[in-house]
Amino acid sequence: MELVGGQPSRVIRTARISNSIAFGAKGYIFAVLLAGLPQLRDRHSLSHSSIVAAIFMISLLAAVGSRMAGGLARRWSSRTGLRIGLAITAVSTAAIALAPNTTALFIGLGGYGITTGIVNASTIMQHALIEHRYGAFVMASFYAAWAVGSVLGALFIAASVKVDVALRESMLAASVVILVVCLVTGPLLLRPQRAETSPAEAKSAAAKPAVTTPLRAYLPFGIALVMAFAIDLGINNWSALYLTDELASSTSTAALPIAAFQFTSLAGLLTGDWWVRRFGPRTVMRSAAGMAVVGMLMAVSAPNPAVAIVGFGVCGIGLPLITPLCFSEAATLASGRARDALIARLNVFPYAGTLAGGTIVGLIATQGSLRFGIASLLAFALVLSVFGRAFRTRTLSESGLAKIPVADDAPEPAAGLERVQHRNPE
């Protein structure tokens, strides 16, 4: 028996760390591919249209992979789905590295697109189980792991180039890293029954068939995800060009808005769990949307690069919190297998946001100016600001779990997961 003293058991803590590492590995390989894109382009003589087609294909196949993750979770579990997704990610990364021609390259990128959806959806399913056991919002720190992984991936490619290691060898090494993460973290992830908080809840979850959550129940979270991802990708794709083309900045200065956005994003994610526990999802959601509006307004109306950079940084403080908030809130609409299926469906919306953020700004810019294109991101932020009421005012118990002895293989008591109701701060 283990005295948990108000904290989740060792098994749950280990699962949280393992799942975060798995999600960080996904960010790592994503950054490896992005950072290696110039070398892939040169090796295969890719045109701009070919790169756009590859991005479009990956986004569509990622949505397909997300739905596949729902099927894997129903057939086995999100734990099995995640292990399968990580294994195929390692294989597809190796296939991209070894691709002898453009056709083989696109096949490898297609495999990567599918596994992107599988891994993303499965890790979110796992973390929804873990958050259920914690009895407290812990989703923001989970997304911070992805940000850290992406930084490590970019630094890995930069270091490889510095010491003259070919991209093929670098990507093969990265595929080995993903395979090791799969083998090490896979056995430590949660089985579905460990998410239940009492024997009665576990029995009930096993006995009841999964009920499909109606679209109208989670559609507000889906639309919020589309808006958030569109803004995120729009800033990362177009902010540098905006500074050079509209604000006459130097090339070195043009890289700063992305750095400012990513820095404040990581800071927001690392502190986001505390903010949500302290003030509740609705207040944090509205504050995050408000900061996005203010930041984008500063960027759109900026008379010089410095104001635009600050604006993009302000936008990054709260915007990344919207995604974990949406998934955390949606996870309360269902339980067991139904919760996994819901997350798989909800995870399709972000890919619509990536397509919107990557194309709408560019299309508007071709008809007018890039400033008007960036203004479309301000419009997305304004849409985000109206969805605050879809989020609850409550927070989860700070203590998370009851202070009683708990065995590693026994579920914690239901009492530890009681919600603490708060007055509407408005």
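Numbers for the structure displayed
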read-out: Ser18 vs. criteria polar (S, T, N, Q), open to solvent by less than 40 Å² (accessible area, probe 1.4 Å) and under 23 Å from Ser150 (Cα atoms); value: yes
read-out: Contacts under 8 angstrom Cβ, first residue in the range 228-241 being closer than 17 Å to Val314 by Cα and among the hydrophobic types (A, V, I, L, M, F, W, C), partner surrounded by fewer than 22 Cβ atoms within 10 Å (Cβ to Cβ) and at pLDDT 85 or above, 6 or more apart; value: Phe229/Ala352
read-out: Filter result (touching a residue at least 24 places away in the same chain (Cβ under 8 Å) and either open to solvent by 50 Å² or more (accessible area, probe 1.4 Å) or more than 17 Å from Arg277 (Cα to Cα) (or both)) within the range 304-329; value: Asn304, Pro305, Ala308, Ile309, Val310, Phe312, Gly313, Val314, Cys315, Gly316, Ile317, Leu319
read-out: Any chance Thr253 is within 22 Å of Pro303 (Cβ to Cβ), modelled with pLDDT of 80 or more and under 22 Å from the mean Cα position of the chain (by Cα); value: no
read-out: When residues of the range 374-407 are limited to those that are β-branched (Val, Ile, Thr) and open to solvent by less than 10 Å² (accessible area, probe 1.4 Å), the one modelled with the lowest pLDDT; value: Val406
read-out: Enumeration of residues in the range 130-172 that are in contact with a helix residue (DSSP H, G or I) (Cβ under 7 Å, 6 or more places away or on another chain), outside any helix (DSSP H, G or I) and at pLDDT 85 or above; value: Phe137, Val138
read-out: Residues (open to solvent by less than 30 Å² (accessible area, probe 1.4 Å) and outside any helix (DSSP H, G or I)) located in the range 216-248; value: Leu247
read-out: Test: Ala128 is more than 24 Å from Thr359 (Cβ to Cβ) and open to solvent by less than 20 Å² (accessible area, probe 1.4 Å); value: yes
read-out: Test: residue in the range 53-71 that is part of a loop (DSSP other than H, G, I, E, B) and either closer than 25 Å to Phe156 by Cβ or open to solvent by less than 30 Å² (accessible area, probe 1.4 Å) (or both); value: no
read-out: Subset tally (residues that are touching a Lys or Arg at 6+ places or on another chain (Cβ under 7 Å) and open to solvent by less than 60 Å² (accessible area, probe 1.4 Å)) for the range 153-191; value: 4
read-out: Qualifying residue in the range 83-105 (condition: within 19 Å of Leu342 (Cα to Cα), assigned to a helix (DSSP H, G or I) and basic (Lys, Arg)); value: no
read-out: Filtered residues of the range 337-373 (kept if more than 30 Å from Leu256 (Cβ to Cβ) and open to solvent by less than 20 Å² (accessible area, probe 1.4 Å)); value: Ala338, Arg339, Asp340, Ala341, Leu342, Ile343, Ala344, Leu346, Asn347
read-out: Residue count, the range 76-113 (criterion: aromatic (Phe, Trp, Tyr) and open to solvent by less than 40 Å² (accessible area, probe 1.4 Å)); value: 1
read-out: Enumeration of residues in the range 219-252 that are more than 28 Å from Leu325 (Cα to Cα), touching a helix residue (DSSP H, G or I) at 6+ places or on another chain (Cβ under 9 Å) and hydroxyl-bearing (Ser, Thr, Tyr); value: Tyr242, Thr244, Ser249, Ser250, Thr251
read-out: Ser287, sole failed condition from (1) in contact with a helix residue (DSSP H, G or I) (Cβ under 7 Å, 6 or more places away or on another chain); (2) crowded, with 17+ Cβ neighbours inside 10 Å; value: (2)
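The values are calculated or read from the model by the stated rules, or taken from the named source; none is laboratory data. These numbers were taken from a predicted model, which means no experiment stands behind them. Note that we place each Cβ from the backbone using ideal geometry, even for glycine, and neighbour counts take in every protein chain shown. For the accessible areas, the whole protein counts, side chains as well, though only heavy atoms, and no ligand, DNA or RNA atoms are used. Shrake-Rupley method; radii C 1.70, N 1.55, O 1.52, S 1.80 Å.
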